[in-house]
Amino acid sequence: MKRLIVYYSLEGNTQLMAEDMARILGADLLRLEPEKAYADKGAAKFFWGGKSAVMKEKPRLKPYHVNVSEYDEIIIGFPVWASTFAPPIRTFVHENKTVLKRKRIAAYACQAGSGAEKAFEKLKNFMEIEDFVATEVFIDPKTKPSDENVEKRDDFCRQL
């Protein structure tokens with residue numbers, strides 16, 4: 001099975017998990033990067049990122065050169081912002097919605113607080129799919145490494 005991990009990472013948590021999973025699963029990686037980067041410090045980080053998420057914005061992404069139709073399974077990773085998925089994921093899904101509906105889809109979220117379950121539900125509804133093959137939530141895997149995150153990562157990969 002050919003797998004692609006598509007992710008957006010602001011602080012490196014989602015990227016760490018994507019790289020670990022790609023190594024375990026032999027998956028390809030696609031890092032989404034908005035043309036205009038989000039602030040990653042201070043109040044601006046929470047204000048602009050949260051506003052963008054709540055307003056369901058679709059930021060322009062830097063060009064990526066991946067043919068999504070070549071993959072059997074797509075794993076989507078994102079940080080949770082305001083109980084939803086990060087806006088670059090919205091852009092990617094919007095751009096690839098028809099192709100994604102024919103794929104096995106899994107999703108994982110990284111968060112410091114809560115909201116991942118709501119974010120999964122919102123992503124599933126936006127994608128117009130029945131359900132994900134698997135979902136998992138990681139709590140600050142880069143900034144607060146833990147055995148629990150490693151166990152959850154390994155369980156998530158076994159489900160795929």
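Overview of results
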{"item": "Among residues of segment 8-19, those that are in contact with a Lys or Arg (Cβ under 6 Å, 6 or more places away or on another chain) and not in a loop (DSSP other than H, G, I, E, B), counted", "result": "2"}
{"item": "Residue ID - farthest from the chain's Cα centre (by Cα), chosen from residues in segment 1-19 that are open to solvent by 30 Å² or more (accessible area, probe 1.4 Å) and over 21 Å from GLU95 (Cβ atoms)", "result": "MET1"}
{"item": "Selection within segment 20-30 - open to solvent by less than 40 Å² (accessible area, probe 1.4 Å), assigned to a helix (DSSP H, G or I) and touching a residue at least 40 places away in the same chain (Cβ under 8 Å)", "result": "ASP20, MET21, LEU25"}
{"item": "Segment 31-43, residues that are free of Cβ contacts under 8 Å to residues at least 40 places away in the same chain and either under 15 Å from the mean Cα position of the chain (by Cα) or surrounded by fewer than 13 Cβ atoms within 10 Å (Cβ to Cβ) (or both)", "result": "ARG31, GLU35, LYS36, ALA37, ASP40, LYS41, GLY42, ALA43"}
{"item": "Conditions (1) in a helix (DSSP H, G or I); (2) aromatic (Phe, Trp, Tyr); (3) touching a helix residue (DSSP H, G or I) at 6+ places or on another chain (Cβ under 8 Å): number failed by TYR38", "result": "(1)"}
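The values are calculated or read from the model by the stated rules, or taken from the named source; none is laboratory data. Everything quoted here is computed from the prediction, not taken from an experiment. We place every Cβ from the backbone using ideal geometry, glycine too, and count neighbours over all the protein chains shown. Each accessible area value is taken on the protein alone, full model and side chains, heavy atoms only, with ligands, DNA and RNA left out. Shrake-Rupley method; radii C 1.70, N 1.55, O 1.52, S 1.80 Å.
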